[in-house]
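For reference, the structure discussed in these notes is given below.
The values are calculated or read from the model by the stated rules, or taken from the named source; none is laboratory data. Keep in mind the model is a prediction, meaning the values are calculated, not measured. Methodologically, a virtual Cβ is constructed for each residue, glycine included, from the backbone with ideal geometry; neighbour enumeration extends over all protein chains shown.
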Amino acid sequence: MSHADACGTNPMLWDCQRRGCFNVHKRPKIEVFAECLPGRIAFSDVDGIVEINGNLLVLEWKNRPHIPTGQRLLYERWTANGPTAVILVVGDARDMTVEEIAYVSGGEIAPWRDMDLAGLKEVIRDWAEWASSHPVTRGAERAGENEDTRQQHA
């Protein structure tokens with residue numbers, strides 16, 4: 001599958017042939033912030049995220065079915081505390097081949113299961129249909145925040 005065929009409505013506006021590697025030139029070097037965080041905690045990047053009606057779906061691509069401890073804890077806690085689901089994908093992002101997925105929701109990682117790209121698209125479509133009919137309602141205040149803390153960090 002060519003990149004042009006896979007772009008959909010959100011194409012990457014970067015020409016690697018002409019401008020060089022996107023990761024080298026444009027990806028934030030989040031590792032420079034390691035000294036700001038305690039212990040071995042580090043920022044994690046997000047491979048893909050979408051929001052529908054307040055529900056979040058995160059895609060995380062891996063080349064093997066192993067999730068580092070920090071990411072595992074992040075996904076378990078994130079999905080346990082809010083309207084978020086994560087699809088862990090084992091495959092080759094360059095060729096968009098998919099071998100396995102694991103679904104994370106409600107703080108739990110489901111077992112890995114065999115999958116291909118068409119199956120992954122179906123899982124995403126099912127989530128989108130569900131999210132479209134299940135809007136998230138929230139109070140006026142965000143969890144853990146009040147007007148004073150919003151002003152302090154603005």
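Numbers below:
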{"quantity": "Lone unmet requirement of (1) part of a helix (DSSP H, G or I); (2) within 25 Å of Ser133 (Cβ to Cβ) for Arg77", "calculated": "(2)"}
{"quantity": "Index of the failed condition, Gly91 passing every other in (1) surrounded by 11 or more Cβ atoms within 10 Å (Cβ to Cβ); (2) within 12 Å of the chain's Cα centre (by Cα); (3) within 28 Å of Asp15 (Cβ to Cβ)", "calculated": "(2)"}
{"quantity": "In the stretch 100-115, the residues that are more than 16 Å from Trp127 (Cα to Cα), touching a residue at least 12 places away in the same chain (Cβ under 8 Å) and exposed (fewer than 14 other Cβ atoms within 10 Å of the Cβ)", "calculated": "Gly107, Glu108, Arg113, Asp114"}
{"quantity": "Pair list, Cβ under 8 Å, 6 or more apart: the stretch 21-42 residue surrounded by 10 or more Cβ atoms within 10 Å (Cβ to Cβ) and modelled with pLDDT of 85 or more, other residue part of a helix (DSSP H, G or I) and of a type in the set (D, E, K, R)", "calculated": "Ala42/Glu31"}
{"quantity": "Condition met for Trp78 (modelled with pLDDT of 95 or more, of a type outside the set (Asp, Glu) and over 14 Å from the mean Cα position of the chain (by Cα))", "calculated": "no"}
{"quantity": "Sole exception among (1) of a type in the set (S, T, N, Q); (2) in contact with a strand residue (DSSP E or B) (Cβ under 8 Å, 6 or more places away or on another chain); (3) at pLDDT 95 or above for Ser133, by number", "calculated": "(2)"}
{"quantity": "Pick from the stretch 43-75, criterion over 11 Å from the mean Cα position of the chain (by Cα) and among the β-branched types (Val, Ile, Thr), ranking: nearest to Met115 (Cα to Cα)", "calculated": "Ile67"}
{"quantity": "Single match in Val104, Val123 (criterion: β-branched (Val, Ile, Thr), closer than 21 Å to His66 by Cβ and in contact with an Asp or Glu (Cβ under 9 Å, 6 or more places away or on another chain))", "calculated": "Val104"}
